[in-house]
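All of the numbers you see were taken from the coordinates with simple rules; none came from a lab. Model, not experiment: these values are computed from the prediction. For neighbour counting, all protein chains shown are included, and Cβ atoms are generated from backbone atoms with ideal geometry for every residue, glycine included.
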Amino acid sequence: MSTPDRNREFEGKTALVTGAGKGIGRATVQLLAQRGARVIALSRTAADLHTLAEETGCETVCVNLADPVATLKAAEAAQPVDLLVNCAGIVELQAFLDTTIEAFDTIMAVNVKAAMIVAQQCARSMIARGAGGSIVNVSSLSATVGLPLHAAYCASKAALDGLTRVMAVELGPHGIRVNSVNPVVTLTPMAEKAWSDPAKSAPMLARIPLNRFVQPLEAARAIAYLLSGDAAMVSGVSLAVDGGFQAG
């Protein structure tokens, strides 16, 4: 049995987590709540939010982040927050030559545009309050590594990393730190869609020196580190959580 997390570093802080229903987002909500934060969990799936609220006591917002108007309203209503985790992300597996405009636009809308909209509202509130804050955008190793069938997804994560760096530069003077976490394949429901075939997963595993994929809680702990005071001078970085993939 695992030891309960007794760290209460986020006591008195409010955290907003998008993509909170499953995978890394869900693990992040659970971890931040354990560590004392008041958490607002945002997802498009009401059933996921219901069980998450029962588990953690978090507040919930059900919204489809592909809709920019609804996203803006939800982000405004969630304020004020001290910590933001942009974790929402979608993937559609298509070969580059078969990538549709519709799929490309939807993936960019959720993975990049929604992250920008939510972060803008959080940053404006942080600046108005003069309180500073911390933002973590959940990116991917695919921001820097080309993966077959992931043209739109890789493009979206590279864009998110670029957005992260600009946010860090412009928001830093207001005491707001902005970073991204870039995991290799993480064992989430979305990853099952892309990597359940051993013929696909075996070559990827062979490139990871630790010889396994990431667990959602491991990504959540990296996110928590970047949100915390322990990372007080860390801003503008893309933190790989990849088991040594990039070292090879």
For a distance above 15 Å, tell me the whole-number percent of Cα pairs in the stretch 143-233 that qualify.
69 percent
How many nm is it between the label spots at Glu59 and Ile101, if each spot is 7 Å from the Cα in line with the beta carbon?
4.1 nm
The stretch 54-96 and the stretch 103-117: distance between their alpha carbon centers, rounded to Å
11 Å
Expected vector for the stretch 215-225, Karplus 3J(HN,Hα) from phi with 6.51, -1.76, 1.60 and θ = phi - 60°, integer Hz, x for Gly and Pro, equals 8, x, 5, 5, 5, 4, 5, 5, 4, 4, 4
Student exercise, the chain dipole from Lys, Arg, Asp, Glu Cβ charges, in Debye to nearest 20
400 debye
The alpha-carbon center of the stretch 179-248 and that of the stretch 140-176 are separated, in whole Å, by 15 Å
In whole Hz and in residue order, list the ³J(HN,Hα) couplings for the stretch 174-185 that follow from phi through the Karplus curve 6.51 cos²θ - 1.76 cosθ + 1.60, θ = phi - 60°; x for Gly and Pro.
9, x, 10, 8, 9, 9, 10, 10, 10, x, 6, 3
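Going by how many other beta carbons lie within 10 Å of each one, how would you line up Val237, Val39, Val17, fewest first? Walk me through the numbers before you get to the answer.
Values: Val237 18, Val39 30, Val17 35.
Result, fewest neighbours first: Val237, Val39, Val17.
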Could you pull out every residue, at least 5 positions away or on a different chain, whose amide H is within less than 5 Å of the one on Thr188? Hs are placed 1.01 Å off N in the peptide plane, and Pro or chain starts have none.
none
Mind giving me the nanometre distance, one decimal, between the label points for Thr144 and Ala77, set 7 Å out from Cα along Cα→Cβ?
3.9 nm
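Got a sec? How would Glu59, Glu170 order by Cβ neighbour count within 10 Å, fewest to most?
Fewest to most other Cβ atoms nearby, the residues stand as Glu170, Glu59.
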Those lysines that a straight Cα-Cα span of less than 25 Å connects to Lys200, excepting residues fewer than 8 apart in one chain:
Lys22, Lys157
Taking amide H positions as placed in the peptide plane 1.01 Å from N, state which residues far from Leu239 in sequence (5 or more) or on other chains have amide H under 5 Å from it.
Ser180, Val181, Asn182
Fewest-first ranking of Cys62, Cys154, using other Cβ atoms within 10 Å as the exposure measure:
Cys62, Cys154
Determine ³J(HN,Hα), in whole Hz, for all residues of the stretch 231-246 in sequence, where each value follows from phi through the Karplus function 6.51 cos²θ - 1.76 cosθ + 1.60 and θ = phi - 60°; x replaces Gly and Pro.
10, 4, 10, 9, 8, x, 9, 10, 8, 6, 10, 9, x, x, 3, 6
Amide H of Leu149: which non-local residues (sequence gap of 5 or more, or other chain) have their own amide H closer than 5 Å, using H built in the peptide plane?
Phe96
Here the tail fraction of P(r) beyond 30 Å, over all Cα-Cα pairs of the chain, rounds in percent to 21 percent
